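Reading through the C-alpha cells given below for one structure.
The values are calculated or read from the model by the stated rules, or taken from the named source; none is laboratory data. The shown structure was predicted, so the numbers you read here are calculated from the model rather than taken from an experiment. Cβ sites come from the backbone with ideal geometry, for glycine too, and all protein chains shown count toward neighbours. Just so you know, the surface numbers come from the protein's heavy atoms only, side chains and all, with ligands and any DNA or RNA stripped out. Shrake-Rupley method; radii C 1.70, N 1.55, O 1.52, S 1.80 Å.
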Amino acid sequence: MTRLARLDVSEYTNLANVARWFILLRWIAAAGVLLVLGTAAIAFRPALPLPALFSLAGILVILNLLFHLYFAVVKRGVLSKAELGVFFNVQICTDYLLLFFLVYLTGFLENPFTYFFVFHILLTAYIFSADLVFLYVGALVLVFAGTAAAEFLRLVPHFPLFPGSGPAYFGELLPRTIGVCATLAICGYLGTSIRKKLEEKAQRVEIELDRYKSLDRIKSNFLLQVTHELRGPLAAVNGYHEMITRGITGAVSPKTLEAVERAMRRTDNLLTMIDEMIDYAYMQTDRVPFEPVRTALRELIEANVELLAPQAQAKRIRVEMKCAPELRVCASRDLGNIIISNLLSNAVKYSPQGSTVVISAVQEAAEVCLEVKDQGIGMTPEEMQHIFEEFYRTRRAREIERDGTGLGLSIIKKSVEAIGGRITVASQVDKGTTFHIYFPEGERDGR
Amino acid sequence: MGGKILIIDDDSDILETTGSILAHEGFEIHTADSVERGLELTDKVSPDIVLLDIMFPESRTRGFDAAREIRSRHPHLPIIVLTAINREYAFDFTKEDIKAVEFLNKPVRTKKLVELIRRHLGG
C-alpha cells in the first residue's frame, strides 16, 4: 500500500504548486455546486433532497477550508513528498465520495454531471502511479455498478433529477451503467498511458540534452586548451622577429627589416584571433562567473585604451575617454575586459587614419550606458542584422582586415547577456558605428 | 641600469629570445629550463627578479609550486609570471594564488616588460 500511495511524478513537477492548484480547483468546484444548487432551489424547485445536497456542499467547503489551512498555514506550503502523498490521497478520496453522493442524490445516472468523474480520474493520473489510478477507477466502477444494481432492485431509493423521470430511467439503466463504467475505465487507461508515453519522451529528450551538453563542454574545453598551446610558439616567433628588428642578431637590410615587420604584424593579428577563440570557447564553457560583482568602469576602460594604444597610434587614431571615476558596473573584470577590449579593437581596426574613437559612459537610471563611437566604415542595415552571428564578417571588413575570426561581436553579445545587460548598435556606411552597452548597475554597498 | 634576471621556462626559444632582448637592454641574464634548475639558480646567483612560466611538461601548473617555493626561500624576491595562458579565468587562478607581483601574457611586449622590471628593481 505504501508503494501505491507513492507519488509518481518527474523531478520537474512542482508538487506544492499541484497541491495549490487542487485546492483552487476545489474552491471553484464548490462555488459551482453552490451556484447550481441555489439556482435549482430558487428557480426550478425540483423534487430533490435539497437539505442533504446543501449539507454536502457545506462539507465540501469546510473540507477545502481545512485543506487550505493545513497546506498554507500549518505547513506554510512546505510538505515532504510522503506528506504530499497522503495529502493528495485524502483529497482524492473525499472528492470521489462527495461527487458520488452529490450525483447520487441528483438523479445518479440521469445526471450528466456523472461524467465529471473523468476530470477526477485525469487529475489522479497526473500525480499517481498507474497501480493507484487503476485501484481508484476499479473502486469507482464497482460502486457505480453496485449502486445502479441496488437502485434497480429497489434496495436503495432513486432520487429523480426531474419529476416523473423514474420509469424511463430504470428502462435505460443498463446501457447508462455500461456507458459510465466504460468511460471511467477507458479514461483511467488513457490517462495513465498517455502520461507514460509523454514521460518516456521527456526522459529521452533529457538524456539527449545531457549528452549534447557534455559533448559541447568537451569541445569548448578542447578549444580552450588548444588555443592556449598556440600562444607559446607564437611568442617564440615574435621573440626572434624582435631580435632581428632590434639588430641583436646583426645588421639587416631595409628590405629584410620590412619583411620581418610585416611578419610581426601578421603574428599580431594571429594572436588577436587566438584570443578571440579563447574568449569564445570560454563563453561556451560553464566557467563564466555569474556572481554580480561591482567593478570600477573607468579603470577597465583605461586599461583597455592603454592596451590598444600601439594600434591606435599606428593609425594616428585619437581615442577619447569620458567616464566618471565613481561609476561602477555589475560585471566581473573578465567579462568587462572582453566587452571593452573587443569593442575598442573593432573601432580602431575599422576606422580611417587620423579619425577619432570616443568611449564614454554615463549613468542612466538603474543602468550604466557605455558608448563606443567611431568614424569608421560603418555597416548597411542588411549587414547589421547579421553582425552578432558567429563567424560573420562584412565584405568591407574582410577587405580592410584579411585576418579575423568574425567572433568578436558574438563574444561581446554573449558576455553582455551573461551579466544581464543589453547591447544596441547604430551605423551608417562611411559615417561610423556606435555601440551602446547597458550594464546593470552594481549595488551601492560593497564592491 | 642593470640587474640580475633569472628566467625559468621550459621553452628554449623563449629563453633565447627573452634572454637576448633583455640582455640587449642591459640586464644580466640567467636562464633555467626546469623548475629544479631554476630553484637551484635562485639560491646560487641571487637574482634581483625572476621571470617564471606556469606550464611545464610535468604539469600544467608546475609554475605555481615553483613560485611558492621561491617565495618561501626568498620572501622579497619579485616574481613576474609570463605565461601563454592569456586570461586568468581560463585556469581558475589569480595573481595572489601564484604569489607573483605581476602577471603577463606571452608574447610580452618588450617595452612593457622592461618597464615592469625596472619598476620592481626600484629604478
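Could you compute the net charge surrounding residue A:391? Neighbours are other residues with a C-beta less than 12 Å from the C-beta of residue A:391; K and R count +1, D and E count -1. Before the final figure, lay out the partial values.
Details: positive: A:393, A:398; negative: A:276, A:389, A:390.
Spelling it out: positives minus negatives among the neighbours equals -1.
Please name the residues of region B:1-38 whose accessible area, counted over protein heavy atoms with a 1.4 angstrom probe, falls by no less than 50 Å² between the chain alone and the full protein assembly.
Checking the loss per residue gives B:17, B:21, B:24.
Can you give the Rg/Rh ratio of region A:61-127, where Rg is from the C-alpha atoms and Rh is the Kirkwood radius?
Radius of gyration over Kirkwood radius for region A:61-127 works out to 1.06.
Can you compute the FRET efficiency between residue A:315 and residue A:203 using 1/(1 + (r/R0)^6), with r the Cβ-Cβ distance and R0 = 60 Å? Round to the nearest 0.05.
Calculated value: 0.55.
Normalise the Debye intensity by I(0) for region A:248-363, one equal point scatterer per Cα, no solvent, then take log10 at q = 0.19, 0.21 Å⁻¹ and round to two decimals.
The calculated log intensity ratios at q = 0.19, 0.21 Å⁻¹ are -1.09, -1.22.
For chain A, which whole percent of the accessible surface, found with a 1.4 angstrom probe, sits on carbon and sulfur atoms? Before the final figure, lay out the partial values.
Values: 15280 of 23850 Å².
It is 64 percent, rounded to a whole number.
Roughly how large is the B-A contact in terms of buried accessible area, totalled over both chains, probe 1.4 Å, nearest 100 Å²?
Working: alone 6550 and 24970 Å², together 29220 Å².
Chains B and A together bury approximately 2300 Å².
How far apart, in nanometres, would the label points at residue A:269 and residue B:13 be if each is projected 7 angstrom from Cα along the Cα-to-Cβ direction?
2.0 nm
State whether region A:30-105 is rounded, prolate or oblate according to the following rule on the C-alpha gyration tensor (a ≥ b ≥ c being the square roots of its eigenvalues): a/c under 1.5 gives rounded; otherwise a/b larger than b/c gives prolate, and the remaining case gives oblate.
Cα axes put region A:30-105 in the prolate bin.
Can you give the local net charge around residue A:352? Use residues other than it whose beta-carbon is closer than 15 angstrom to its beta-carbon, Lys and Arg +1, Asp and Glu -1. Before the final figure, lay out each step's value.
Working: positive: A:315, A:316, A:318, A:349, A:373, A:396, A:431; negative: A:374, A:399, A:401, A:430.
It works out to a net charge of +3.
If one takes the longest principal axis of the Cα atoms in chain A, at what angle in degrees, from 0 to 90 and to the nearest 10, does the Cα axis of helix A:166-245 lie?
Long axis of A:166-245 versus the principal axis of chain A: about 10 degrees.
Using the Cα centre of the protein assembly as shown as origin and beta-carbon charges of +1 (Lys, Arg) and -1 (Asp, Glu), tell me which of A:112, A:421, A:283 is placed farthest towards the positive end of the dipole.
A:112
Which whole number in µm²/s is D for region A:197-318 by Stokes-Einstein, with the Kirkwood Rh taken over Cα pairs at 37 °C and 0.692 mPa s?
Values: Rh = 18.7 Å.
Answer from the Stokes-Einstein relation: 175 µm²/s.
Keeping every protein chain in place, order B:39, A:198 by accessible area at 1.4 Å, biggest value first, i.e. largest first. Working shown, then result.
Details: B:39 25, A:198 110 Å².
Most to least solvent-accessible, the answer reads A:198, B:39.
Write down the radius of gyration of region A:67-218 and its Dmax, each obtained from C-alpha positions, in Å.
20.9, 77
How many nm separate the modelled label positions at residue A:40 and residue A:73, each set 7 Å beyond the Cα in the direction of the Cβ?
Rounded to a tenth, the inter-label distance reads 3.1 nm.
Of the options A:218, A:357, A:41, report the single residue whose Cα projects farthest towards the positive end of the charge dipole of the protein assembly as shown (beta-carbon charges: Lys, Arg +1; Asp, Glu -1).
Result: A:41, furthest along the dipole toward the positive end.
Enumerate the residues in region A:23-67 having an amide nitrogen under 13 Å from the point lying 7 Å beyond the Cα of residue A:90 toward its Cβ.
Under 13 Å, as judged by backbone N against the label point of residue A:90, lie A:63-67 of region A:23-67.
Which value, in debye to the nearest 20, describes the size of the charge dipole of region A:333-378 about its Cα centre when Lys and Arg Cβ atoms bear +1, Asp and Glu Cβ atoms bear -1, and nothing else is charged? Please list the in-between numbers first.
Working: 3 positive and 5 negative charges, 42 e Å.
For region A:333-378, the charge dipole is close to 200 debye.
For a quick check: with amide H placed at 1.01 Å from N, whose amide H comes under 5 Å from residue A:386's, ignoring anything fewer than 5 positions away on the same chain?
none
Taking 20 °C and 1.002 mPa s as the conditions, I'd like the Stokes-Einstein D for region A:129-237 in µm²/s, using the Kirkwood hydrodynamic radius from alpha carbon pairs.
Values: Rh = 19.8 Å.
Using the Kirkwood radius from Cα pairs, D works out to 108 µm²/s.
Using only Cα atoms, locate the centre of region B:1-63 and the centre of region A:288-342, then give the distance between them in Å, rounded to an integer.
Cα centroid to Cα centroid, the span is 32 Å.
Just the accessible area per residue of chain A, please: how many Å² with a 1.4 Å probe?
Details: 23850 Å² over 447 residues.
I get 53 Å² per residue for chain A.
Only sites in a loop by DSSP and with at most 16 other Cβ atoms within 10 Å count here; which GluC sites (Glu not before Pro) in region A:355-392 make the cut?
Values: sites: A:364, A:367, A:371, A:382, A:383, A:389, A:390; in loops: A:389, A:390.
Those satisfying the criteria are A:389, A:390.
With a 1.4 Å probe on protein heavy atoms only, tell me which residues of region A:199-231 lose at least 30 Å² of accessible surface in the complex relative to the chain by itself.
Listed in order, they are A:225, A:228, A:229, A:231.
Principal axes first, then extents: for the Cα atoms of chain B, list largest minus smallest coordinate on each axis, whole Å, largest first.
Its Cα atoms span 36, 29, 27 Å along the three principal axes.
Quick check: convex hull of the Cα atoms in chain A, volume per residue, rounded to a whole Å³? All intermediate terms of the calculation are to be shown ahead of the outcome.
On the way: hull volume 106.0 nm³, N = 447.
Normalising the Cα hull of chain A by residue number yields 237 Å³.
Tally Lys/Arg at +1 and Asp/Glu at -1 over every other residue whose Cβ is under 13 Å from the Cβ of residue A:64; what's the total? It would help to have the intermediate numbers written out before the result.
Details: positive: A:20, A:26; negative: A:95.
Once all neighbours under 13 Å are counted, the net charge is +1.
Using a 1.4 Å probe on the protein heavy atoms, what percent of the accessible area of chain B belongs to carbon and sulfur? Don't jump to the answer; show the numbers that get you there.
On the way: 2460 of 5370 Å².
C and S fraction of accessible area: 46 percent.
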